[in-house]
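The values are calculated or read from the model by the stated rules, or taken from the named source; none is laboratory data. These numbers were taken from a predicted model, which means no experiment stands behind them. Every residue, glycine among them, receives a Cβ derived from its backbone with ideal geometry; neighbour counts consider all protein chains shown.
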Amino acid sequence: MAELILDGVTKYFDDDGERIVAVDDASIDIADGEFLVLVGPSGCGKSTTLRMVAGLETISEGEISLGGRRINDQKPQQRDIAMVFQSYALYPHMTVRENMRFGLEESTDLSDEEMDSRVEESTSMMGIHDLLDRYPRELSGGQQQRVALGRAIVRDPAVFLMDEPLSNLDAKLRSSMRTELQRIQEELGVTTVYVTHDQTEAMTMGDRIAILDGGVLQQVATPLECYHRPRNQFVASFIGEPSMNFFDVRREGDRLVAEDFEYPLSAEIAGKLEAEALTLGVRPEDIELVEGEAGDHDYAAEVLVVEPMGNENSVHLRIGETRFIATVGGMRQVAQGEAVTVRLPEDAIHLFDRETGEALH
Ligand code: ATP
């Protein structure tokens, strides 16, 4: 069993006498075989977390255990963990075969034949069999990354740690490598922690995602749960593209009063609320364009800009001076300056405490 547990893990750095808290009391239980994605904006502490698991960074407070054993004080080589970096980190003076064998020679005492057969297996898994005698400089970026992944696979570790492994690849290759990586991870069943700042990558790859901001874990849940039930406004804005629209509102009984519109609430939702200063959130893809102003949640709006995105359009709108974005199917023609009716369906709204950002509904 390779269950990886972070319990109250904290990392302080000293920056010219000033204490920086890079990771603040992070606790995550990562199940055996799980694919966990650590995601968040630049500087939120993703790499530091991963490096503590790898043993490349000391742990200031808390405990990390793997398969029930505390690994805080183990050297990186002792941890049965293989790490893949964005930079590939291949040895330039070694062929692909030598690069792959090097890791094995360092961390195992396998016979020559056993090593050869492991290299064979993992190179065919990664589709790099024909490249075994080449040097890294003779490979494309995508091929180098395959070798870097192959080098992690060949070690047959208990855990894979991956730090933005696909971010040097072009968009198309990145997307196909994502699928391939998932397939391989599933086939091998190796517990994996994958770091990215790209929410699309997190949403499509992770069994669960752990969202970090300012060193603090904001939510650890399945991608769909983070999307549908974000715990706070940060998660709501980070997950989803284009981002959720937010409106400052004041609750007056069972109505939300915004700058340019009023939003009646059902008794069910209004009854849950205590705070008055709220933020109303609606995802662009949940906003509908409708004919006439029939419903309670329909508003007259003007189209400001239409951004075509292939099969959909990103439509920038305003109600009075309040601006927001709706994602509209490509079949619905809308033109700049057009007067339309938008619906903000009640079953799609999110409400946050404006002070704390905590999700209330
Ligand atoms: P990115 O996506 O940009 O790589 P990240 O989420 O991986 O960012 P970290 O690299 O973990 O973030 O950094 C977290 C915080 O810790 C940042 O504020 C960073 O400046 C700080 N930090 C990281 N390494 C050190 C160090 N060796 N000394 C001092 N501060 C550091």
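Name, by its number, the condition in (1) touching a Lys or Arg at 6+ places or on another chain (Cβ under 7 Å); (2) more than 14 Å from the ligand (Cβ to nearest atom); (3) not β-branched (Val, Ile, Thr) that does not hold for Met52. Among (1) touching a Lys or Arg at 6+ places or on another chain (Cβ under 7 Å); (2) more than 14 Å from the ligand (Cβ to nearest atom); (3) not β-branched (Val, Ile, Thr), Met52 violates only (2).
For Gly214, the conditions (1) exposed (fewer than 14 other Cβ atoms within 10 Å of the Cβ); (2) small (Gly, Ala, Ser); (3) closer than 26 Å to Lys11 by Cβ all hold with the exception of (1). The residues in the stretch 270-294 that are out of contact with any Pro (no Cβ under 8 Å at 6 or more places or on another chain), at pLDDT 95 or above and assigned to a helix (DSSP H, G or I) can be counted, and the count is 1. If I ask for residues that are surrounded by 15 or more Cβ atoms within 10 Å (Cβ to Cβ), out of contact with any Gly (no Cβ under 9 Å at 6 or more places or on another chain) and not in a loop (DSSP other than H, G, I, E, B), which ones from the stretch 162-173 would you list? Within the stretch 162-173, Met162, Asp163 qualify.
On the basis of being over 25 Å from Gln145 (Cα atoms), away from the ligand (no atom under 15 Å from the Cβ) and exposed (fewer than 14 other Cβ atoms within 10 Å of the Cβ), does Gly62 make the cut? In short, no. Scanning the stretch 67-82 for residues that are in contact (Cβ under 8 Å) with a residue 40 or more places away in the chain, of a type outside the set (Gly, Ala, Ser) and in contact with an Asp or Glu (Cβ under 7 Å, 6 or more places away or on another chain) returns no hits. Among helices (runs of 4 or more DSSP H) entirely within the stretch 26-134, having at least 3 residues that are modelled with pLDDT of 95 or more singles out 46-54. A single member of Ser87, Ser124 is away from the ligand (no atom under 16 Å from the Cβ), closer than 24 Å to Gln185 by Cα, out of contact with any Leu (no Cβ under 7 Å at 6 or more places or on another chain) and among the hydroxyl-bearing types (Ser, Thr, Tyr), and it is Ser124. Cβ-Cβ distances below 7 Å connect no pair with a first residue in the stretch 37-60 that is under 16 Å from Gln78 (Cα atoms) and aromatic (Phe, Trp, Tyr), a second residue that is away from the ligand (no atom under 11 Å from the Cβ) and at pLDDT below 95, and a separation of six or more residues or different chains.
Table: residues versus (1) surrounded by fewer than 17 Cβ atoms within 10 Å (Cβ to Cβ); (2) of a type outside the set (Phe, Trp, Tyr); (3) within 16 Å of the ligand (Cβ to nearest atom).
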{"residue": "Ile20", "(1), (2), (3)": "yes, yes, yes"}
{"residue": "Asp25", "(1), (2), (3)": "yes, yes, yes"}
{"residue": "Ser47", "(1), (2), (3)": "no, yes, yes"}
{"residue": "Gly68", "(1), (2), (3)": "yes, yes, no"}
{"residue": "Asn72", "(1), (2), (3)": "yes, yes, no"}
{"residue": "Tyr91", "(1), (2), (3)": "yes, no, no"}
{"residue": "Ser107", "(1), (2), (3)": "no, yes, no"}
